[in-house]
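To start, the structure under review is shown below, and the notes come after it.
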Amino acid sequence: MRVILIAFVIAVVGCGGGDKGGVPDADPAAPVCTGVIYDNCTSNTQCMSGMCHLFSGEFQVCTQTCTAGDNSTCPQSAGGTTPKCNNRGICKPAINNMCRPPS
């Protein structure tokens with residue numbers, strides 16, 4: 001049992017570093033996110049949509065629901081790229097907005 005506990009502690013500590021809940025370390029000079037779709041976030045309360053979602057450890061952004069498989073039901077993301085509506089009915093942008101989550 002001790003070995004499992006030690007392995008768990010090592011795994012948790014090893015997951016630290018420059019990543020905070022799926023949000024990469026943001027440039028401190030970047031504007032503060034306002035909660036619009038595809039802004040970086042750390043909780044649902046930071047999003048106008050009420051939906052902050054972590055996408056496979058890539059990034060964590062404000063998003064919204066969509067019609068699964070129908071990309072046209074997602075608003076365009078930064079640079080005019082078309083997000084994907086995944087099979088769970090959540091819009092996943094190709095890139096997140098360049099801002100830092102509120103403190």
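Structural remarks
- Computed extension length for Asn87-Ser56: 9.8 nm, one decimal, from 0.36 nm per residue of separation with the Cα-Cα distance subtracted.
- Highest to lowest packing among 65-75, 87-97, scored as the average C-beta count within 10 Å: 87-97, 65-75
Each reported figure results from applying straightforward, stated rules to the coordinates on display, with no laboratory input. All of these numbers come straight from a predicted model, not from anything done at the bench. Ideal geometry is used to build each Cβ from the backbone, glycine not excepted, and the neighbour counts take in all protein chains shown.
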